[in-house]
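Presented below is the structure to which this report refers.
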Amino acid sequence: MEPARLEQLPTVEFYNTFRLCPLTTAFLEDLTGMKAVSTRSDFAAIHWQTTIVAPDTLVLCRTNENVVHTAMQYEAQGVRVMNGARIAAQLKSAQASGLLRGMGALAVQLTLKGTLSSTIKMLIDREIGMEELARGGVLAVSTVHGLKGFETAHVAVHHDVFEHAYAEEQSKSKDTAERNVFLVALSRHKTSLVILRDVPVPDIPEPGTKVQKTIDFARIQSHASKNTAEPQDRSGDPAGHPRTGHP
């Protein structure tokens with residue numbers, strides 16, 4: 001091609017990544033417009049649901065308030081809390097602040113339930129440091145800001161990360177801080193990512209429509225290989241067509 005014509009071609013900015021799988025890069029491009037090419041040949045799984053899928057999941061939240069909520073939700077499962085002592089101190093201070101939003105509102109709710117002191121103690125007792133978290137094998141919760149640059153096998157992203165990013169986008173703000181947090185949160189996993197919210201169901205779904213809540217190429221490929229290896233039973237149709245329907 002002539003040099004003059006090459007100069008007229010548009011420039012597409014992208015980067016290579018060996019950390020994110022092809023499914024994740026496609027997912028992030030769809031949501032954020034970020035263009036990346038994965039050099040990995042395997043695929044992570046992406047789930048939309050309100051609970052975690054792996055016992056050693058790292059839950060990422062946008063706010064300390066939801067770190068506390070998540071810690072209480074998974075307390076019986078032995079959840080650990082990144083910066084637990086600092087968040088406990090903020091919760092205790094919020095009790096006297098008189099604020100009726102955020103940590104202040106949460107402190108009021110816990111006081112009325114009589115569980116503020118026990119929650120503060122739980123946050124302190126369950127604190128986990130970066131070194132221990134990096135060894136893996138634990139269920140933990142943190143803010144996104146507390147773990148920039150960290151990655152682990154299984155990650156779940158709290159819906160408040162989406163809410164802050166969406167509010168920033170809707171405001172038409174030139175500031176992209178919340179959308180950057182959103183991008184960071186969705187790119188910390190190696191094996192599985194859980195979006196902790198249900199998939200929106202269409203207002204008028206087409207007949208027979210199914211809501212896809214999981215994208216797991218490894219499982220799809222395994223199922224396809226199994227079906228290829230096993231001969232189809234064509235005995236149910238006189239014309240020799242395979243039978244349809246659920247097994």
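Numbers below:
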item: The range 49-93: number of residues that are open to solvent by 50 Å² or more (accessible area, probe 1.4 Å), hydrophobic (A, V, I, L, M, F, W, C), touching a residue at least 12 places away in the same chain (Cβ under 8 Å) and farther than 22 Å from His164 by Cβ; result: 1
item: Residue within the range 27-45 that is under 13 Å from Lys190 (Cα atoms), more than 19 Å from the chain's Cα centre (by Cα) and of a type in the set (Phe, Trp, Tyr) present; result: no
item: Pairs, first closer than 11 Å to Phe43 by Cβ in the range 16-27, second part of a loop (DSSP other than H, G, I, E, B) and of a type in the set (Phe, Trp, Tyr), C-beta under 7 Å, six or more apart; result: Cys21/Phe43; Pro22/Phe43; Leu23/Phe43
item: Some residue of the range 55-78 being modelled with pLDDT under 95 and more than 18 Å from the chain's Cα centre (by Cα); result: no
item: Residue match in the range 38-54 (condition: at pLDDT 95 or above, of a type outside the set (Val, Ile, Thr) and not in a helix (DSSP H, G or I)); result: yes
item: Helices (runs of 4 or more DSSP H) (entirely within the range 94-189) containing at least 2 residues that are under 18 Å from Tyr74 (Cα atoms) and open to solvent by 60 Å² or more (accessible area, probe 1.4 Å); result: 116-125
item: Filter pass, Val67 being among the hydrophobic types (A, V, I, L, M, F, W, C) and touching a Cys at 6+ places or on another chain (Cβ under 8 Å); result: yes
item: The range 157-171 residues that are closer than 17 Å to Glu65 by Cα, paired with ones that are among the hydroxyl-bearing types (Ser, Thr, Tyr) and open to solvent by less than 60 Å² (accessible area, probe 1.4 Å) (beta carbon under 8 Å, 6 or more apart); result: His158/Thr70; Asp160/Thr63
item: Pair list, Cβ < 6 Å and 6+ apart or interchain, from the range 96-107 residues that are under 14 Å from Val68 (Cα atoms) to residues that are in a helix (DSSP H, G or I) and of a type in the set (D, E, K, R); result: Gly102/Glu65; Met103/Glu65; Leu106/Glu65
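The values are calculated or read from the model by the stated rules, or taken from the named source; none is laboratory data. Since this is a predicted model, take the numbers as computed values, not measurements. Here Cβ is always computed from backbone atoms with ideal geometry, including for glycine, and neighbour counts include all displayed protein chains. Just so you know, the surface numbers come from the protein's heavy atoms only, side chains and all, with ligands and any DNA or RNA stripped out. Shrake-Rupley method; radii C 1.70, N 1.55, O 1.52, S 1.80 Å.
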